[in-house]
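Working notes for the structure below.
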Amino acid sequence: MRNIFLLFIIIFTTLSCSKHKTNDIAIIPEPQNLSIGRSTFTLDDDMTIFWDGNDLLKPQALYLSDLIDKSLDFEVKLADGDEKLTSRMIILQLNKIADARGDEGYTLDIGRKSVLITANTTKGIFYGIQTLYQMLISGTIVMENGRRFIILPIVSIEDMPRFKYRGMHLDVCRHMFPVEFIKKYIDLLAFYKFNTFHWHLTEDQGWRIEIKKYPKLNEIGSWRKETLVGHGGKTPFTYDGVPYGGYYTQNEVKEIVAYAQERMITVIPEIEMPGHSLAALASYPELGCTGGPYEVATKWGVFEDIYCTKEETFDFLENVLVEIIELFPSEYIHIGGDEAPKTRWIECVTCQNTINREGLKDEKELQSYFIQRMEKFLNKYDKNIIGWDEILEGGLAPNATVMSWRGTEGGIEAAKMNHDAVMTPGSHCYFDHYQANPKSEPLAIGGYTTLEKVYSYDPIPLDLSEIDSEHILGAQGNVWTEYMISPEHVEYMILPRMAALSEVVWTGNKDWIYFQKRITDHFKIYEILGYNYCNHPYDSIASDKNNNIE
Ligand code: ACM
Ligand code: ZN
């Protein structure tokens, strides 16, 4: 064993440290350090994936062999530390002594005969596998005597992420997507080394997760009687007359959480409160200020009926959260907090009584009271809350993390108050915006967020001190689905923009010109893997004066 590793060291020290910007490699996100040798490595079906005998690595070896088998149609053999070695191997190895690359870093060394991935943890090994996979899938394929070979350049990569929170969100309420698609979405997150899937599960237009204690959430709240046709900003409204709905069973949720976990992805569930709660109110009207009746929303926007601050509401939400906590092992539970109009609270005797009883100044403080109660409850279960930046209004809950969406100010304010923040500003991170000229794009909510704009984003605000910047955990792409009816349309809106975002959150030194070259290679990968994408993501509007952006 030791001899083999010595051999590796010899091979790698003879690598030429050529300029890393090469025509042969298109890794996204770009690794922090990459050197390329002059020789090549050939993968054929006489290859063994070998792990160092540590059982933690067996699932990783299986995962890699499955990737190679499914996407390249190559069967590779598997062997662990006790089996006889051949020289043609992909070796996975955990460091005996942790190096500086942390939890998620790795090294990938491709020699002439073998490949070595090392890391401190299985997460790092997983990201090394993703890099190798990207190289394999875009490698040169050669046929000889009826056999296929994949040729890769020899490389030495040392890599680790810039940010620890690298997220993608998906709204499954405005439109819902099959479990198989959620898995395909998670695969894409893994491919681009995202580590967080923010799953937006409850809304005005539908409640999408099974809650056993409150069956009406699913019988009533998961269904709307019809859906708005066309853009929500254009009147008169017309509707399709077709009932729409569904929800994920708890078994399906467990399956998805496990699937994500195998791919080193944490699933953060979002249960919206106190606003965006019409589907819950339609199911249990006693939880609203007026008592209803309410209907699951059939159009988009912000609705005035929100949870009343009565005790029944807190009991209800706590019971819901107990089931959520059972399903999601993540540290965070997202409690929403955005876009909660105070109209009903101003008119509600119960809510006004809460304000008086608790000595609160106004309805903003009432919202803060609401969120802080939920935080206290969740903290007892060792969970932390994360919420949209409106949770700053009226006083931030003591342990809350802020998701800054109305620009970056919320994130800045949170960081200055010693709270963590995740940056998701609409200007750069909303993938429901148009990405090319709206005139020739499928209907979207509005905005104009090109690939280049996403790429240009830096999650660390310019005017934040170095110390405060440590509270910026990372960034996230948001995918609101009012206008995305099918999986193919979701794919179209996120690809290639999420590739750009992956580089924002992973890579230290970005290079837009070089990224454009690599993304063209990734278009080919999307075709191989069967993902839909926007193939014209460049600014096609700057010179068009008659554009029509909402
Ligand atoms: C949001 O976009 N309402 C967070
Ligand atoms: Zn009320």
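The values are calculated or read from the model by the stated rules, or taken from the named source; none is laboratory data. Every value quoted in this text rests on a predicted model; they were computed, and no experiment measured them. Quick reminder, even Gly has a Cβ in these numbers, built from the backbone with ideal geometry, and neighbours come from all protein chains shown.
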Single match in 346, 325 (criterion: away from ligand 2 (no atom under 16 Å from the Cβ), in contact (Cβ under 8 Å) with a residue 12 or more places away in the chain and either assigned to a helix (DSSP H, G or I) or closer than 22 Å to residue 170 by Cβ (or both))
325
Which residues, taken from the range 471-497, are buried (at least 23 other Cβ atoms within 10 Å of the Cβ) and in a helix (DSSP H, G or I)?
490, 493, 494, 497
Only one of these is within 15 Å of the chain's Cα centre (by Cα) and at pLDDT 95 or above: 177, 191, 126. Name it.
191
Residue count, the range 352-383 (criterion: among the β-branched types (Val, Ile, Thr), buried (at least 22 other Cβ atoms within 10 Å of the Cβ) and more than 16 Å from ligand 1 (Cβ to nearest atom))
0
When you scan the range 276-287, do you find a residue that is within 18 Å of residue 371 (Cβ to Cβ), more than 18 Å from the chain's Cα centre (by Cα) and within 16 Å of ligand 1 (Cβ to nearest atom), even just one?
yes
Within the range 384-396, of all residues that are more than 16 Å from ligand 1 (Cβ to nearest atom) and surrounded by fewer than 19 Cβ atoms within 10 Å (Cβ to Cβ), the one nearest to residue 334 (Cα to Cα) is 384
Give the residues of the range 32-70 that are surrounded by 15 or more Cβ atoms within 10 Å (Cβ to Cβ), in contact (Cβ under 8 Å) with a residue 60 or more places away in the chain and small (Gly, Ala, Ser), sorted by residue number.
35, 37
How many residues of the range 298-313 are buried (at least 16 other Cβ atoms within 10 Å of the Cβ) and more than 16 Å from ligand 1 (Cβ to nearest atom)? The answer is 7
Contact list, first residue from the range 483-500 and closer than 27 Å to residue 30 by Cα, second anywhere and crowded, with 19+ Cβ neighbours inside 10 Å and of a type in the set (D, E, K, R), beta-carbon distance below 7 Å, six or more apart or interchain, is 493/432
Restricting attention to the range 107-145, report how many residues are touching a residue at least 40 places away in the same chain (Cβ under 8 Å) and part of a loop (DSSP other than H, G, I, E, B).
6
Filter the range 263-276 for residues that are of a type outside the set (D, E, K, R) and outside any loop (DSSP other than H, G, I, E, B); which is surrounded by the most Cβ atoms within 10 Å (Cβ to Cβ)?
273
Does the range 255-262 contain at least one residue that is under 26 Å from the mean Cα position of the chain (by Cα) and under 19 Å from residue 387 (Cα atoms)?
no
Just to be sure, is residue 416 more than 12 Å from ligand 1 (Cβ to nearest atom), surrounded by fewer than 23 Cβ atoms within 10 Å (Cβ to Cβ) and either within 25 Å of residue 329 (Cα to Cα) or at pLDDT below 95 (or both)?
no
Does the range 309-316 include one or more residues that are out of contact with any strand residue (DSSP E or B) (no Cβ under 7 Å at 6 or more places or on another chain), within 16 Å of ligand 2 (Cβ to nearest atom) and part of a loop (DSSP other than H, G, I, E, B)?
yes
Taking the stated definitions as given, is residue 468 modelled with pLDDT of 95 or more, more than 16 Å from ligand 2 (Cβ to nearest atom), of a type in the set (D, E, K, R) and buried (at least 21 other Cβ atoms within 10 Å of the Cβ)?
no
Checking the structure you have, find out if any residue of the range 330-341 is touching a helix residue (DSSP H, G or I) at 6+ places or on another chain (Cβ under 9 Å), within 16 Å of ligand 2 (Cβ to nearest atom) and more than 30 Å from residue 56 (Cβ to Cβ).
yes
Step by step: first the residues of the range 349-361, then only those that are in a loop (DSSP other than H, G, I, E, B) and either of a type in the set (D, E, K, R) or within 27 Å of residue 201 (Cβ to Cβ) (or both), then the one that is nearest to ligand 2 (Cβ to nearest atom). Which residue is that?
358
Matching residues in the range 92-106 - criterion: being surrounded by fewer than 23 Cβ atoms within 10 Å (Cβ to Cβ) and either outside any loop (DSSP other than H, G, I, E, B) or of a type in the set (Val, Ile, Thr) (or both)
93, 94, 97
